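Notes for the one structure printed next.
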Amino acid sequence: MAEQELDTGGFDFSEVEKRLGVTRRTFLKYCAGVAASLGLSTSSAVAMAKAIAAKPQMRPPVIWLHGQECTGPTESLLRSEQPSLEHLLLDMISLDYHQTLDTGAGHKVEELKKKSMKENHGKYLLVVEGAIPVKDDGVYCKIAGETMLHITKEAAEGAAAIVAFGSCASWGGVQSASPNPTGAKGTQAVLPGKPVVNIPGCPPNPANFLGTVLYFVTFGKLPPLDQQNRPKWAYGRLIHENCYRRPHFDAGRFATEFGDEGHKLGYCLYKLGCKGPETYNNCPSLEFNNVGGGVWPIGVGHPCFGCSEEGIGFNKPMFALANVETHTPPNSFPTIEDRQQDTGISPTAAALGGAAAGAAIGASLMAAKKVGNTPESDSGSDG
């Protein structure tokens, strides 16, 4: 979206240009892009730009806690480029406490955390990373002599909003997998009745966190959420719907072993246990590390294992077939070679014809599914 399309009402962005080291045009284009990804209007893009350009004292303070985890969410955030981590910390939020990024340590840091929570009661954003053990009063995860269970409940009391960043914080992650010896749980399970937004993933895409935070900075509230309290703009569609291997699925072309011919040709990974047909996330459209070129699990030839879905990632066997929410292919298809022998059509023509036929069948079945939906079922959908 070009800069001239945004009516900024004469707002002076000269100060933010100095802080960010970018031109006014580049800054406004970035805000327009974020607003578009959130499904918001150009006026919202202007509001975001003004929120980022606000005086430093206007930035919301953030208290960031770490429980049972590998620090993967923070590590992914460290590699964010749009915006970079330093712009997030210096221009969008005031990171008052973060156990991994704090320069200080010990009692002094803990004192500063409690001071910030007291002075900013009802105003700060609480970010939880990692699962929270509840068995035996939470003794299996302690920070500065206090259990993560107690620390989380204490911090939640004065939080304006709570974000569970990563699958562990959202619903327990790998720590909560059977037999779950520490009684690990997600943030919303530990804080019933509190407004918690889940941003699952292992690791989650930093763009999903940054977009949610920017929405909060701009409007002072969390974005619309689905039934699992995930931002709809990021988790509103199945990976399967946007996957560029989907035409192979519809045409019955699958990799059945790692390194086989289908795998080399980029065929669908459904039969290798891909959980994309039952996992909601925007991985196909955002990818990772801002480099493009297919840098995400399916893009590099590995099946999705459903890390952002509770009950699938870390619970469902790796190579178990997904429950397809659109339509399920038969267990066996004739091979490309068989089709060629039966019809006398070349492999290339067979492949192209199969793709076209598969797409038509898929479209017909989706249309039939929509026709069969009742008003009641449609009204109950949150997607």
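The values are calculated or read from the model by the stated rules, or taken from the named source; none is laboratory data. These numbers were taken from a predicted model, which means no experiment stands behind them. Cβ coordinates were reconstructed from backbone atoms using ideal geometry, including for glycine residues, and neighbour counts include every protein chain displayed.
Descriptive notes on the structure:
- Filtered residues of the range 248-279 (kept if under 19 Å from Cys307 (Cβ atoms) and in contact with a Gly (Cβ under 7 Å, 6 or more places away or on another chain)): Lys275, Glu278, Thr279
- Number of positions in the range 32-79 that are at pLDDT below 80, touching a Phe, Trp or Tyr at 6+ places or on another chain (Cβ under 8 Å) and of a type in the set (S, T, N, Q): 1
- Which listed residue, of Gly186, Gly262, is buried (at least 18 other Cβ atoms within 10 Å of the Cβ), at pLDDT 95 or above, in contact with a helix residue (DSSP H, G or I) (Cβ under 7 Å, 6 or more places away or on another chain) and on the phi < 0 side of the Ramachandran plot: Gly186
- Among the residues making up the range 189-202, those that are assigned to a loop (DSSP other than H, G, I, E, B) and surrounded by fewer than 23 Cβ atoms within 10 Å (Cβ to Cβ) are Leu191, Pro192, Gly193, Lys194, Pro195, Cys202.
- Residues that are surrounded by fewer than 23 Cβ atoms within 10 Å (Cβ to Cβ) and of a type in the set (D, E, K, R) were ranked within the range 265-288; the one that is farthest from Pro200 (Cα to Cα) is Lys271.
- Being of a type outside the set (Phe, Trp, Tyr) and out of contact with any strand residue (DSSP E or B) (no Cβ under 7 Å at 6 or more places or on another chain) is true of Asn242.
- Among residues that are assigned to a helix (DSSP H, G or I) and within 23 Å of Ser41 (Cβ to Cβ), Phe209 is included.
- Candidates are the residues of the range 224-244 that are over 13 Å from the mean Cα position of the chain (by Cα) and crowded, with 21+ Cβ neighbours inside 10 Å; the one that is farthest from Ala32 (Cα to Cα) is His240.
- Among (1) of a type outside the set (A, V, I, L, M, F, W, C); (2) modelled with pLDDT under 75; (3) surrounded by fewer than 19 Cβ atoms within 10 Å (Cβ to Cβ) - the single one His87 does not satisfy: (3)
- Residue match in the range 272-288 (condition: among the acidic types (Asp, Glu) and assigned to a loop (DSSP other than H, G, I, E, B)): yes
- Single unsatisfied condition, Thr218 versus (1) part of a helix (DSSP H, G or I); (2) modelled with pLDDT under 95; (3) surrounded by fewer than 21 Cβ atoms within 10 Å (Cβ to Cβ): (3)
- When the helices (runs of 4 or more DSSP H) confined to the range 105-171 are screened for residues that are touching a residue at least 60 places away in the same chain (Cβ under 8 Å) and closer than 23 Å to Asn315 by Cβ, those reaching at least 3 such residues are found at 167-171.
- Members of the range 125-145 that are surrounded by 14 or more Cβ atoms within 10 Å (Cβ to Cβ) and more than 22 Å from the chain's Cα centre (by Cα): Pro133, Val134, Lys135, Gly138, Tyr140, Cys141, Lys142, Ile143
- Candidates in the range 159-175 are the residues that are among the small types (Gly, Ala, Ser) and more than 13 Å from the chain's Cα centre (by Cα); of these, the one that is surrounded by the fewest Cβ atoms within 10 Å (Cβ to Cβ) is Ala160.
- Scanning the range 299-313 for residues that are touching a residue at least 40 places away in the same chain (Cβ under 8 Å) and either buried (at least 22 other Cβ atoms within 10 Å of the Cβ) or touching an Asp or Glu at 6+ places or on another chain (Cβ under 6 Å) (or both) yields Cys304, Cys307, Ser308, Glu309, Gly313.
- Residues that are surrounded by 15 or more Cβ atoms within 10 Å (Cβ to Cβ) and acidic (Asp, Glu), drawn from the range 105-124: Glu110
- Scanning the range 280-290 for residues that are over 21 Å from Glu310 (Cβ atoms) and in contact with a strand residue (DSSP E or B) (Cβ under 9 Å, 6 or more places away or on another chain) gives Asn289, Asn290.
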